[in-house]
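What follows draws every value from the coordinates through simple rules; no lab data is involved. Keep in mind the model is a prediction, meaning the values are calculated, not measured. Glycine also receives a Cβ, built like all others from the backbone with ideal geometry; neighbour counts cover every protein chain displayed.
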Amino acid sequence: SQKIEQNSEALNIQEGKTATLTCNYTNYSPAYLQWYRQDPGRGPVFLLLIRENEKEKRKERLKVTFDTTLKQSLFHITASQPADSATYLCALPARNNAGNMLTFGGGTRLMVKP
Amino acid sequence: DVKVTQSSRYLVKRTGEKVFLECVQDMDHENMFWYRQDPGLGLRLIYFSYDVKMKEKGDIPEGYSVSREKKERFSLILESASTNQTSMYLCASSRTGLGTRGEQYFGPGTRLTVT
């Protein structure tokens with residue numbers, strides 16, 4: 001099965017700086033990778049999907065890259081704000097051609113200080 | 001907007017009790033999921049259903065069963081609750097088909113405590 005690694009230590013940054021979170025995976029190469037945001041006591045919320053043939057995807061202040069050679073995705077938040085403080089999870093298809101099941105990383109907690 | 005609702009936000013049960021967690025989605029999604037989330041262990045899939053009465057085991061199905069009698073409703077059953085089932089339980093749904101992104105929509109979660 002897929003194994004996903006995200007930095008379990010919290011990332012603390014100053015407001016206005018760019019936050020960069022890392023997602024590394026092993027085993028097979030997925031057809032896509034997703035990023036979610038989770039606030040304390042709430043369910044995750046889908047943010048972005050990037051496909052294996054896409055190097056980069058942007059949505060407002062968010063940017064995701066996908067390097068299938070390194071088996072890594074980077075998630076960037078530019079001009080970060082305290083409201084961006086949350087845990088960010090990456091997710092990949094659980095098994096090759098398994099349809100809709102996802103395997104989630106453990107998440108990285110981001111703290112943006114004013 | 002997709003809405004996924006769960007029957008309780010907080011639940012306290014005793015060891016050995018039968019526990020039902022209910023999940024309802026209002027967007028006619030084919031797929032529904034039950035996860036548990038524990039500190040340091042992340043989100044782990046318990047069961048997945050891709051159609052009415054259809055189910056697949058996830059990574060940690062032991063001690064759980066599920067029921068999907070209607071498309072919009074997916075129930076998680078703890079036949080005999082144990083203290084190691086104390087956790088946050090999250091339900092999710094997603095659509096199948098071309099043009100979908102496969103993203104999952106989550107409910108608010110049920111924090112279950114078994115004493």
note = Residues whose modelled amide H sits under 5 Å from the amide H of B:THR96, counting only those 5 or more places away in sequence or on another chain, are B:GLU30, B:ASN31
query = Given a cut-off of under 8 Å on Cα pairs at least six residues apart, what relative contact order in percent is computed for chain A?
reply = 37 percent
message = Check which residues have an amide H placed less than 5 Å from A:MET111's amide H, if you skip close sequence neighbours.
response = A:LEU11, A:ASN12, A:ILE13
note = Per its Cα gyration tensor (rounded if a/c is under 1.5, else prolate when a/b beats b/c, else oblate), region A:48-88 is best filed as prolate
request  = With a ≥ b ≥ c taken as the square roots of the eigenvalues of the C-alpha gyration tensor of chain B, please select rounded if a/c is under 1.5 and otherwise prolate if a/b is larger than b/c or oblate if it is not?
outcome  = prolate
remark   = In nm, the gap between the two label points placed 7 Å beyond Cα toward Cβ at B:SER8 and A:THR18 is 4.7 nm
task = Describe numerically, in nm with one decimal, the distance between label points set 7 Å from Cα along Cα→Cβ at B:SER65 and at B:ARG44.
result = 2.1 nm
query = If you plug each phi of region A:16-32 into the Karplus form 6.51 cos²θ - 1.76 cosθ + 1.60 with θ = phi - 60°, what whole-Hz ³J(HN,Hα) values come out, in order, with x for Gly and Pro?
reply = x, 7, 8, 8, 10, 10, 10, 10, 10, 9, 10, 6, 5, 7, x, 6, 7
task = Round to the nearest 0.05 the FRET efficiency obtained for B:GLU56 and B:GLU22 when R0 = 22 Å and r is the Cβ-Cβ distance.
result = 0.65
query = Over chain A, what per residue volume does the convex hull of the Cα atoms give, in whole Å³?
reply = 97 Å³
key: Nearby lysines by direct alpha-carbon distance to A:LYS113 (threshold 23 angstrom, same-chain neighbours under 8 apart not counted)   = A:LYS17, A:LYS59, A:LYS63
query = How many angstrom lie between the C-alpha centres of region B:45-115 and region A:12-33?
reply = 26 Å
Under the Karplus curve 6.51 cos²θ - 1.76 cosθ + 1.60, θ = phi - 60°, whole-Hz ³J(HN,Hα) for region B:11-24, x wherever Gly or Pro sits = 8, 10, 10, 9, 3, x, 6, 8, 10, 10, 10, 10, 9, 10
remark   = For region B:4-90, averaging the sequence separation of alpha carbon pairs under 8 Å that lie six or more residues apart and dividing by its residue count, the contact order in percent is 34 percent
ask   = What residues qualify as long-range amide H neighbours of B:GLY58, i.e. H under 5 Å apart, gap of 5 or more or another chain, H built at 1.01 Å from N?
value = B:TYR47, B:PHE48
key: Rg/Rg_ref, the protein assembly as shown, where Rg_ref = 2.2 N^0.38 Å and atoms are Cα   = 1.02
message = For peptide B:77-85, what's the mean number of Cβ atoms from other chains within 10 Å of each residue's Cβ?
response = 0
request  = Express in nm, to one decimal, how much length is gained between A:GLU56 and A:ASN27 on full extension, taking 0.36 nm for each residue of separation and deducting their alpha carbon distance.
outcome  = 8.3 nm
message = Spelling out what I want: for every residue of region B:70-82, take phi, set θ = phi - 60°, compute 6.51 cos²θ - 1.76 cosθ + 1.60 (Karplus), and round to whole Hz; glycine and proline get x.
response = 10, 4, 8, 10, 9, 10, 10, 10, 9, 4, 8, 4, 10
